[in-house]
1. Out of the strands (runs of 3 or more DSSP E) lying entirely within the range A:261-331, which hold 1 or more residues that are touching a Ser or Thr at 6+ places or on another chain (Cβ under 7 Å) and among the aliphatic types (A, V, I, L, M)?
2. I need the full set of residues from the range A:134-185 which are farther than 28 Å from B:ALA67 by Cβ and either out of contact with any helix residue (DSSP H, G or I) (no Cβ under 7 Å at 6 or more places or on another chain) or of a type in the set (Gly, Ala, Ser) (or both), in order please.
3. Tell me which of these B:LYS41 doesn't satisfy, since it passes every other one: (1) over 23 Å from B:GLU243 (Cα atoms); (2) away from every other protein chain (no Cβ under 13 Å); (3) within 15 Å of the chain's Cα centre (by Cα).
4. Using the structure shown, decide if A:ALA124 is within 20 Å of the chain's Cα centre (by Cα) and either without any contact (Cβ under 8 Å) to a residue 12 or more places away in the chain or surrounded by fewer than 24 Cβ atoms within 10 Å (Cβ to Cβ) (or both).
5. I'm told A:ILE374 meets every condition in (1) over 27 Å from A:ASP207 (Cβ atoms); (2) of a type outside the set (Ser, Thr, Tyr); (3) at pLDDT 95 or above except one. Can you identify the failing condition by its number?
6. Given the structure, is A:GLY311 surrounded by 23 or more Cβ atoms within 10 Å (Cβ to Cβ) and within 14 Å of another protein chain (Cβ to nearest Cβ)?
7. So if I check each of A:PHE15, A:PHE5, which one is more than 30 Å from A:ALA365 (Cβ to Cβ), out of contact with any Phe, Trp or Tyr (no Cβ under 6 Å at 6 or more places or on another chain) and buried (at least 19 other Cβ atoms within 10 Å of the Cβ)?
8. Taking the range A:62-113, which residues are out of contact with any helix residue (DSSP H, G or I) (no Cβ under 8 Å at 6 or more places or on another chain) and either of a type in the set (Val, Ile, Thr) or free of Cβ contacts under 8 Å to residues at least 12 places away in the same chain (or both)?
Amino acid sequence: MQQVFPDIKGRFGDFGGKYVPETLMGPLQELEEALDEAMSDQAFLDEYHHVLKEYAGRPTSLSYADKLSKQLGGAKIYLKREDLNHTGAHKLNNAIGQGLLAKRMGKKKIIAETGAGQHGVASATVAAKFGLECKVFMGEEDIRRQELNVFRMKLLGAEVISVSSGNGTLKDATNEAIRYWVANCEDHFYLIGSVVGPHPYPRMVRDFQRVIGDESKKQFLEVESELPDRIYACVGGGSNAMGMFYPFLQDPCELIGVEAAGKGIDTPEHAATLTKGTPGVIHGSMTYLMQDVNGQITEPYSISAGLDYPGIGPEHAHLFQTKQVRYESITDKEALSALQLLTEQEGIIPAIETAHALAQAFKEAAEMTPEQTILINLSGRGDKDMATLMEHFQEEE
Amino acid sequence: MLTQTSFQGKLTKTEDLFIPFVVAGDPTPELTIQFALRLQKAGADILELGVPYSDPLADGPTIQRAAQRALQQNMSLTKAIELVPKLREAGVEIPVVIFTYYNPVIQMGYDRFFEMLEENGAEGVLIPDLPYEESEEIRGLAEEKGVEFISLVAPNSDTRIKQIAEHAKGFLYCVSTLGVTGGSNQMSAETLSFIKKVKEHSQVPVAVGFGVSTNEDVQLVREHSDGVIIGSKIIRLIEGELEAFENGQEEEALERFYQEIRQLVK
């Protein structure tokens with residue numbers, strides 16, 4: 001039986017809800033009604049799956065990492081190849097779903113927030129494809145760090161709006177996108193990139209990402225005839241992990257979410273929200289977050305811009321509290337070694353975000369037996385990270 | 001029909017209210033006290049005392065800047081509430097509403113929060129990111145403790161207007177950009193019918209805020225509602241005097257601030 005979360009108030013146990021200014025309650029209600037209607041309309045679902053297939057290139061493959069499995073000498077390692085999805089990451093699945101919903105609601109303008117730029121690129125892509133106007137809010141520090149993705153978005157016809165408030169990163173870009181939506185909600189659709197934000201966003205994004213887990217389950221059963229023993233995914237806001245885990249929640253697989261430990265969870269420079277954070281409200285949702293004793297939200301740190309976020313999706317907070325998912329954390333250093341290992345052994349350069357899941361999985365795989373199997377969500381490819389990687393590996397030499 | 005006036009009996013007027021907003025600690029806690037005194041002298045009936053927050057979702061750039069200045073003074077929810085007795089000592093007698101985002105309240109805990117409001121004599125609380133559906137528990141606690149929990153209502157609150165207005169305490173905060181049509185000093189028909197609808201269901205004074213920045217705006221709001229809330233405009237006036245404060249011309253700057261406010265709400 002499927003979970004009945006979120007409940008009617010948009011709650012996953014103690015988490016979720018709608019903690020937003022009054023002016024957004026109306027637009028959220030409108031969105032929820034349109035979403036419910038769309039998700040129970042077979043024609044809408046057919047169109048979504050059609051675009052995923054013929055435009056995004058789904059289903060993505062399930063690859064057996066034979067060389068790597070043998071080298072680690074433990075469990076058999078499988079990779080769900082979201083890096084092969086159009087635009088290079090899982091982000092597009094959700095952008096397609098929400099883009100189609102925006103069109104259906106008659107909204108011609110979309111806004112999005114982005115950190116590393118992957119969700120911004122996915123949003124700009126669907127805007128081009130579906131004929132929508134697109135504004136992407138991005139922190140000025142991230143614009144500097146992710147020059148290439150900024151150019152991609154502009155090439156796709158999107159307007160990139162620089163956000164200078166706060167530290168100029170994802171948290172600030174999200175604040176600014178929400179403020180813009182408050183003032184322009186009548187004709188704008190806010191396309192959130194992760195399982196965060198007020199209800200119904202966490203549910204909607206999960207439901208547009210569950211295709212990852214649904215496909216994986218089918219593919220895995222075809223090759224192994226049974227489900228994997230353990231499944232790994234990295235967690236920033238948590239959309240690739242939620243999409244992968246959700247269809248497996250009732251199965252006897254162990255699910256492991258991997259957060260960014262940055263320079264170490266004993267330093268102030270990390271983004272391990274569940275490992276080190278406490279409950280509170282961020283971006284309209286009750287969840288875990290990184291904050292000081294006065295309830296001011298603090299700045300996270302991770303080498304990967306996609307995990308550099310002080311909150312986490314409310315459903316993850318719930319799965320953490322109920323121990324349905326085990327959450328671990330991986331440092332910058334460990335992630336980069338795992339990235340190097342996968343690249344050398346399998347010829348796949350993963351995103352630095354993804355490398356966090358790989359690092360945890362590799363550690364554990366070595367302790368397991370060759371009869372056991374693990375599945376890792378390879379959420380994105382590393383092309384966008386070349387500048388960061390060059391800088392890092394040159395420093396090492 | 002207005003039947004309730006409260007704030008522990010301190011608010012006796014039910015119309016023509018002037019409700020200013022300042023951020024505690026912007027640019028210093030001492031100056032916040034001075035601004036409050038001038039606002040009271042210029043006719044303020046209730047003071048909204050803003051608590052600076054790292055991620056103020058409902059605020060534009062002006063109030064964000066004020067929050068940043070106050071955070072640099074290490075202002076916090078605790079210190080903002082503790083500023084209330086200092087306001088009283090200096091002669092501020094009007095009711096004080098603590099205006100804070102929800103997260104700092106969660107970290108303090110409801111028990112301690114209400115204990116502090118009582119100990120320090122704050123009469124009201126407003127939490128802009130805690131809508132009606134999420135506020136049942138805290139509204140109950142506030143009523144029990146005799147603290148006014150101020151609700152907000154927006155033109156797009158739609159079917160929820162009635163529910164929010166009927167349960168409103170203290171005063172009801174109408175979030176409305178003025179919707180001035182074609183440059184003429186008239187409210188749009190939509191805004192007028194929105195305010196009318198709110199007033200029909202509210203038993204407390206209905207005050208209008210957001211975007212009120214000239215004396216014409218104030219007159220217009222007065223004509224159609226029970227009170228005017230002014231925030232960003234006041235912060236901008238404070239910002240205009242920052243240099244004067246730095247140069248030690250405090251008295252002159254405060255006098256200019258007072259005169260500006262008087263002109264604004266005359």
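The values are calculated or read from the model by the stated rules, or taken from the named source; none is laboratory data. Only a predicted model underlies this, so the values are computations on that prediction, with no experimental measurement involved. For neighbour counting, all protein chains shown are included, and Cβ atoms are generated from backbone atoms with ideal geometry for every residue, glycine included.
1. Those strands (runs of 3 or more DSSP E) span A:285-289.
2. Across the range A:134-185, the qualifying residues are A:GLU147, A:PHE151, A:LYS154, A:LEU155, A:GLY157, A:ALA158.
3. The single condition B:LYS41 does not satisfy is (3).
4. No: the conditions fail for A:ALA124.
5. The failed condition is (1).
6. The answer is yes for A:GLY311.
7. The match here is A:PHE15.
8. A:ASP66, A:LYS70, A:GLY106
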